[in-house]
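Okay, so here's the structure we're looking at.
The values are calculated or read from the model by the stated rules, or taken from the named source; none is laboratory data. Since the model is a prediction, treat every value here as computed from it, not as a measurement. Quick reminder, even Gly has a Cβ in these numbers, built from the backbone with ideal geometry, and neighbours come from all protein chains shown.
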Amino acid sequence: MTDPLLPGDNYVRRQASSSRQARFSDDEQGRVVRYIEVKGRGPEDADVVTMTGPEWEAARRLGDQHWLYIVLLGDGMVVMIRNPYTKLKPRELKRWLVSVTEAKGHGESIALDGD
């Protein structure tokens, strides 16, 4: 049995509660059958995509209705994973972004000219 909804079928955008755009796929009766998270990779050698905590939580909460689409621009392919929360083993990464401009205002700068 083939999956009735593939890229190019009835996709609509709706405003998500967090004010960002979410992607949904509806069936003929207008029922949401897929919540789609789309991530893209440009270079052919890129091997990871990032998901936020709320995105990964949505994957957990929605189960089989949640799909992760990874668009591989360098390969011209789309990888579609149903219920990625149960199938993938992502590595959690917590980061702190430091502004270089702010750092320059609070620290010393030296030239790297070799002298």
Fill in the blank from the handout: The lone condition E28 fails out of (1) modelled with pLDDT of 75 or more; (2) assigned to a loop (DSSP other than H, G, I, E, B); (3) within 20 Å of V79 (Cα to Cα); (4) acidic (D, E) is (3)
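Limited to the stretch 69-90, what total is found for residues that are touching a helix residue (DSSP H, G or I) at 6+ places or on another chain (Cβ under 9 Å), in a strand (DSSP E or B) and of a type in the set (V, I, T)? If you could, list the steps in order and put the result at the bottom.
As a first pass, look at the stretch 69-90 and keep what is touching a helix residue (DSSP H, G or I) at 6+ places or on another chain (Cβ under 9 Å): 81-86, 88, 90.
Among the residues that remain, those that are also in a strand (DSSP E or B) are: 81-82.
Among the residues that remain, those that are also of a type in the set (V, I, T) are: 81.
Of the residues in that region, 1 qualify.
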Handout entry: Any chance R14 is part of a strand (DSSP E or B), surrounded by 13 or more Cβ atoms within 10 Å (Cβ to Cβ) and at pLDDT below 90
Key = no
Handout entry: Any chance E44 is of a type in the set (D, E), exposed (fewer than 11 other Cβ atoms within 10 Å of the Cβ) and either assigned to a loop (DSSP other than H, G, I, E, B) or modelled with pLDDT of 65 or more (or both)
Key = yes
Practice task
Consider only pairs whose beta carbons are under 6 Å apart and that are at least six residues apart or on different chains; among these, list those whose first residue lies in the stretch 84-105 and is surrounded by 10 or more Cβ atoms within 10 Å (Cβ to Cβ) and whose second residue is among the aliphatic types (A, V, I, L, M) and assigned to a helix (DSSP H, G or I).
Solution key: P84/A59; Y85/A59
Handout entry: Residues satisfying the stated conditions in the stretch 60-83, i.e. more than 18 Å from V33 (Cα to Cα), surrounded by 11 or more Cβ atoms within 10 Å (Cβ to Cβ) and not hydrophobic (A, V, I, L, M, F, W, C)
Key = G74
Practice task
Quick one: L93 ticks every box in (1) in contact with a helix residue (DSSP H, G or I) (Cβ under 6 Å, 6 or more places away or on another chain); (2) part of a loop (DSSP other than H, G, I, E, B) except a single one, so which number is it?
Solution key: (1)
